1. Considering only the stretch 360-374, state which residues are part of a loop (DSSP other than H, G, I, E, B), touching a residue at least 60 places away in the same chain (Cβ under 8 Å) and either within 16 Å of the ligand (Cβ to nearest atom) or among the hydroxyl-bearing types (S, T, Y) (or both).
2. Can you pull out every residue in the stretch 242-272 that is more than 14 Å from the ligand (Cβ to nearest atom) and either in a helix (DSSP H, G or I) or among the β-branched types (V, I, T) (or both)?
3. Which count do you get for residues in the stretch 329-348 that are under 16 Å from E59 (Cβ atoms) and either in contact (Cβ under 8 Å) with a residue 40 or more places away in the chain or within 13 Å of the ligand (Cβ to nearest atom) (or both)?
4. What residue, of L341, L336, L393, L367, is at pLDDT below 95 and surrounded by 13 or more Cβ atoms within 10 Å (Cβ to Cβ)?
5. Could you grab me the full set of residues in the stretch 396-428 that are touching a helix residue (DSSP H, G or I) at 6+ places or on another chain (Cβ under 7 Å), modelled with pLDDT of 95 or more and charged (D, E, K, R)?
6. Taking the stretch 106-145 as the search range and keeping residues that are modelled with pLDDT under 90 and small (G, A, S), which one is farthest from the ligand (Cβ to nearest atom)?
7. Taking only the stretch 336-356 into account, find how many residues are touching a Ser or Thr at 6+ places or on another chain (Cβ under 9 Å) and in a loop (DSSP other than H, G, I, E, B).
Amino acid sequence: MSNLRSNIMAWLGRKYFSRLQKNGFDLSKMSFLPDATLAPLRRDGLDPVADLARTRTKEPISRLPLPFGIKGWLVTGYDETKAVLGRTSGFSSDFTNLAEKNIGIAAQQNPGGLGFSDPPTHTRLRRLLTPEFTMRRLSRLTPRIHSIVEERLDDMAATAARDGSVDLVQAFALPIPSLVICELLGVPYEDRADFQQLSMARFDLFGGADASFGAISDSLSYLLDIVKKQRETPGDGLLGMLVKEHGDEIGDQELAGLADGVLTGGFETTASMLALGTLVLLRSPERFAEIRDNDDVVDRFVEELLRYLTVVQVAFPRFAKEDMEIAGTKISSGDLVLCSLSGANRDERLGPDMERFDPHRQTSSHLAFGHGIHRCIGAELAKMELRAAYPALVRRFPEMRLAVPPEQLSFRKLSIVYGVDALPVTLK
Ligand code: HEM
């Protein structure tokens, strides 16, 4: 284990990056991981690269090449992914352990929050947040979500009337979840542009880990200020409620980490779903009529889009805490295991013909929100946003079409959350 620790230090440590830069590597242009390791983050348009399906057929748990002798596994099979993500006692997601103890990254650069913690800390934090994500509590946001969507549609119409076309990513996909999360948390909306940038940088592996940790640190110090203000005058949002009801149990740093997890977890993911889901619609405009007024059809459409697009391409890395065997593969204590959710969601074991988008199929057991104790806490909120946004979009703009040839669209290259950079559309 101590050998693994020093390997991880070398892999992620700042000294390594500065040494590389001194040797003439441009980290802003190249990634720090070997090419085969990046296959689960690469796509061919909307589809995972064909290599991923080949790997899944041959070896649903295969070796993942990692630098410096770290032993890694890539899980691409549906059953195997569920087995790994469901085996709580066998794996750790504890970033605190990894970052502070093993890599020596400063505490304020540690993202904290639910996603990177293990029980019992995870259990305690998740229990604090769960009441804020019940349908009853979320339903207070429904009217706000609808008015946010309508405001964005007005804005799109105004931009297109002026410029002839409008970028749906900037005008619709990014502002909706950003506004909804600010509403949920009780965060002031003025600084959303900063947050947009921070969240994008944070998930973007292309700039190297150094860039990501910088972004985490910036967003945490911003949130710490918000938390301190909420401590003085608690509002009605999630942060204010937590301060009012559990103020004694939770410190500012931890609260900021929780808020940061919610903000970054719910922002870029939902934005990507909104943009890429609209692109799927634009490929077959005859679908506009189908989802315009029928709630059941919209529910199925959203569910299938979540599976087909699987925008969170991989779950956060898990570290094996013990020797174990999963589906015949021996995994040793200390191994790193990466679950490819986009690979698992195309597995035939989930159903027939999974490479195809079919909004008429009944799929609810997809893994787009993960599985097990870390399954997305915001899944219902995300679905509320998607179910409100797509029908409103096609109702308002039945003549909406792509403003550029599809081959000119630029997709995110190496990012945990897949997305399209811009989606120019005409509305008439
Ligand atoms: C379509 C949109 C979304 C997708 C595809 C998505 C996907 C995911 C996935 C796959 C995980 C599990 C990661 C893992 O196990 O390593 C996760 C966890 C999480 N998500 Fe989401 N998410 C979405 C929206 C949201 C929203 C709207 C919020 C909050 C407002 C949110 C907050 C979180 C949090 C806090 C976690 C960590 C949960 C835990 O560790 O217990 N997500 N999400």
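1. Of all residues in the stretch 360-374, those part of a loop (DSSP other than H, G, I, E, B) come to 360-371.
This time we only want the ones that are touching a residue at least 60 places away in the same chain (Cβ under 8 Å), so: 360-364, 366-371.
Listed by number, the residues that qualify are T363, S364, H366, L367, A368, F369, G370, H371.
2. Within the stretch 242-272, V243, K244, E245, H246, I250, D252, Q253 qualify.
3. We begin by selecting, within the stretch 329-348, every residue under 16 Å from E59 (Cβ atoms); these are 329-331, 335, 337-340, 343-344, 346-348.
If we keep only those that are either in contact (Cβ under 8 Å) with a residue 40 or more places away in the chain or within 13 Å of the ligand (Cβ to nearest atom) (or both) too, we end up with 329, 331, 335, 337-340, 343-344, 346-347.
Summing the residues that are under 16 Å from E59 (Cβ atoms) and either in contact (Cβ under 8 Å) with a residue 40 or more places away in the chain or within 13 Å of the ligand (Cβ to nearest atom) (or both) in the stretch 329-348 gives 11.
4. Details: L341 fails: at pLDDT below 95; L393 fails: at pLDDT below 95; L367 fails: at pLDDT below 95.
Answer to the check: L336.
5. R396, R401
6. My answer is A106.
7. 5
The values are calculated or read from the model by the stated rules, or taken from the named source; none is laboratory data. Predicted model, so just to flag it, every value in this text is computed and none were measured. Here Cβ is always computed from backbone atoms with ideal geometry, including for glycine, and neighbour counts include all displayed protein chains.
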